[in-house]
Structures are given as structure tokens and as C-alpha cells.
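A short write-up of the structure that comes next.
The values are calculated or read from the model by the stated rules, or taken from the named source; none is laboratory data. What you see is a predicted model; the values in this text were computed from it and never measured. Cβ coordinates were reconstructed from backbone atoms using ideal geometry, including for glycine residues, and neighbour counts include every protein chain displayed.
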Amino acid sequence: MLRCLAPTVAEHVVTLTWTSVTNVSYSVQRGSDVRFQAGASIVGSNIVGQAGLTQFTDTNAPAPAFYRAPPQAVTVKLEMPFIRESPAVLRRGRVYAKLLFHEMTQTNH
């Protein structure tokens, strides 16, 4: 489970430390309230997770400031090389399409 450790704070400089997953990219978001209802600003992006712990330093932190560091979305492209069978079936006045796919391959981009 990922968790945030206690931040260090000194004169508008906040250093965040959290448990992370190696090679997963994180973004650091800052809000003015704990629920981020007023929105969030992205103050760091493409922060590559390290083995164990990852850190980020915000050198222009306002007071108060609340932070979160969610993993960035990963784009996965699914490729379907061809459709093996695709007959349409008419039942009770409705058309039903039967699709049987050949195996799908996954590539990361």
C-alpha cells in the first residue's frame, strides 16, 4: 500500500516523501483545502518512482497547502489483429452481433 510520510516544512519549502513503485510516474498536486474542492495545481509531473521511497520538493509552497501524489495514467494500447467471426443474428426483430476475437495483444506506449 502506498502512503505518504510526514512532510518536512521550512520557509515555504515543503518536501514530500511517499512509498512508491519503481518506474511508475507520479504527479504531485497541491490544493488550498484538504478535499481539493477549490481545485488542484500540478506542481510536479513525470516523477519516476524509486524503489522504496520517492521525494518531491515544492520550493514555492503557500500556506496552507495540501498535497497528493497519485500515479499518472498509463496508456495501454490494445491491438486486435483480426476478427475471426462476425455474423449478425436476427432474433425477435432485433439484430444481435456475435463477435469472436482472436487473441488480443497488449503493447505499452
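Annotations
- Residues located in the stretch 7-31, provided they are closer than 12 Å to Pro70 by Cα and crowded, with 17+ Cβ neighbours inside 10 Å: Trp18, Ser20, Tyr26, Ser27, Val28, Gln29, Arg30
- Those residues of the stretch 1-31 which are among the polar types (S, T, N, Q) and in a strand (DSSP E or B), in sequence order: Thr8, Thr15, Thr17, Thr19, Ser20, Ser25, Ser27, Gln29
- Failed condition for Val34, given (1) assigned to a strand (DSSP E or B); (2) loosely packed, with under 10 Cβ neighbours inside 10 Å; (3) at pLDDT 75 or above: (1)
- Scanning the stretch 45-59 for residues that are surrounded by fewer than 17 Cβ atoms within 10 Å (Cβ to Cβ), among the small types (Gly, Ala, Ser) and not in a strand (DSSP E or B) yields one hit, Ala51.
- Criterion violated by Ile42 - all others in (1) outside any loop (DSSP other than H, G, I, E, B); (2) surrounded by 12 or more Cβ atoms within 10 Å (Cβ to Cβ) satisfied: (2)
- Of the set (1) hydrophobic (A, V, I, L, M, F, W, C); (2) loosely packed, with under 14 Cβ neighbours inside 10 Å; (3) not in a loop (DSSP other than H, G, I, E, B), all apply to Ala63 but (3).
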